[in-house]
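Chemist: Could you have a look at this structure, given as structure tokens, before my questions?
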Amino acid sequence: MRGRESPLLLLMIDKFKVLDIVKDVLEGSDKYLVNMKITPDNRIFVDIDGDNGIIIDDCIEVSRAIENNLNRDEEDFELNVSSAGADSPLKMPRQYRRHVGRELSVEPFDGPKVEGVLTEADDNTFTIKTHGSKKTDSEVLTFDYNDVKTAKVLIRF
């Protein structure tokens with residue numbers, strides 16, 4: 001297709017345009033973008049979080065901003081704006097810092113899954129203190145974010 005663009009590329013929503021819209025809405029607040037995905041059939045998924053949590057009004061505000069800045073006559077799309085839920089894996093250092101003092105389940109790429117209390121988190125690593133048992137002592141383990149497959153906050157009742 002020399003000199004011509006693929007028709008599929010002409011119909012896809014511009015990810016950078018949506019990203020700019022979301023950043024503009026969240027700028028100056030304690031809210032931040034965790035993840036954004038746009039599928040080839042123009043389904044837009046936006047996950048946001050905040051240092052003090054997210055309420056439904058935050059999701060509505062982001063959703064309305066996207067709706068108001070994209071033209072449905074030019075681009076048909078489906079939109080889903082949600083908070084990074086309590087059972088969602090942590091994805092950003094900022095999320096880890098928010099959860100210092102809480103229990104995590106950590107699954108490294110190499111090694112067994114471990115559970116412990118998140119004691120520290122910076123831009124590159126986080127540290128948990130595992131729970132000891134009658135047979136094992138507690139350990140302090142530090143992980144590089146890139147070495148972790150998933151990390152989730154444990155919800156206990």
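The values are calculated or read from the model by the stated rules, or taken from the named source; none is laboratory data. Because the structure is a prediction, the values reported are computed rather than measured. Neighbour counts run over all protein chains shown; Cβ positions are idealised from the backbone, glycine included. Just the protein is used for accessible areas: all its heavy atoms, side chains included, with ligands, DNA and RNA removed. Shrake-Rupley method; radii C 1.70, N 1.55, O 1.52, S 1.80 Å.
Chemist: Please indicate, with yes or no, whether at least one residue in the range 134-148 is within 19 Å of Asp87 (Cα to Cα) and under 17 Å from the mean Cα position of the chain (by Cα).
Modeler: Taking the range 134-148 as the starting set, the residues that turn out to be within 19 Å of Asp87 (Cα to Cα) are 145, 148.
If we keep only those that are under 17 Å from the mean Cα position of the chain (by Cα) too, we end up with 145, 148.
Looking for residues that are within 19 Å of Asp87 (Cα to Cα) and under 17 Å from the mean Cα position of the chain (by Cα), one finds at least one in the range 134-148, hence yes.
Chemist: Tell me which of these Lys91 doesn't satisfy, since it passes every other one: (1) farther than 30 Å from Gly132 by Cβ; (2) touching a residue at least 24 places away in the same chain (Cβ under 8 Å).
Modeler: (1)
Chemist: Search the range 16-55 for residues being within 13 Å of Leu79 (Cα to Cα), more than 14 Å from the chain's Cα centre (by Cα) and of a type in the set (Val, Ile, Thr), and hand back the single one that is surrounded by the fewest Cβ atoms within 10 Å (Cβ to Cβ).
Modeler: Going through the qualifying residues, I end up with Thr39.
Chemist: As an exercise: evaluate Val81 against (1) closer than 30 Å to Val62 by Cα; (2) of a type outside the set (Phe, Trp, Tyr); (3) modelled with pLDDT under 95 and give the number of the one condition it does not meet.
Modeler: (3)
Chemist: I would also like to ask the following. Go through the range 20-69 residue by residue and tally those that are part of a helix (DSSP H, G or I) and among the hydroxyl-bearing types (Ser, Thr, Tyr). Explain how you work it out, then say what you get.
Modeler: Taking the range 20-69 and keeping what is part of a helix (DSSP H, G or I), we get 20-26, 56-69.
Right, trim to among the hydroxyl-bearing types (Ser, Thr, Tyr) and you get 63.
Adding up the residues that qualify gives 1.
Chemist: Could I ask something else about it? Out of the range 37-54, which residues are of a type in the set (S, T, N, Q) and in contact with a helix residue (DSSP H, G or I) (Cβ under 8 Å, 6 or more places away or on another chain)?
Modeler: Looking only at the range 37-54, we keep the residues that are of a type in the set (S, T, N, Q), and these are 39, 42, 52.
Passing the criteria: only Asn42.
Chemist: Considering every residue within the range 56-75, establish whether at least one is in contact with a helix residue (DSSP H, G or I) (Cβ under 8 Å, 6 or more places away or on another chain) and open to solvent by 40 Å² or more (accessible area, probe 1.4 Å).
Modeler: Filtering the range 56-75 for residues in contact with a helix residue (DSSP H, G or I) (Cβ under 8 Å, 6 or more places away or on another chain) gives 61-62, 65-66, 69-70, 75.
With the extra rule that they be open to solvent by 40 Å² or more (accessible area, probe 1.4 Å), the set shrinks to 61, 69.
Yes: one or more hits.
Chemist: Out of the residues in the range 76-93 meeting the condition of being open to solvent by 30 Å² or more (accessible area, probe 1.4 Å) and over 17 Å from the mean Cα position of the chain (by Cα), tell me which one is farthest from Arg156 (Cα to Cα).
Modeler: Of everything passing the filter in the range 76-93, Asp76 is farthest from Arg156 (Cα to Cα).
Chemist: Shifting gears a bit: Please give the number of the condition Asp76 fails out of (1) part of a loop (DSSP other than H, G, I, E, B); (2) in contact with a strand residue (DSSP E or B) (Cβ under 8 Å, 6 or more places away or on another chain).
Modeler: Just one mismatch for Asp76, condition (2).
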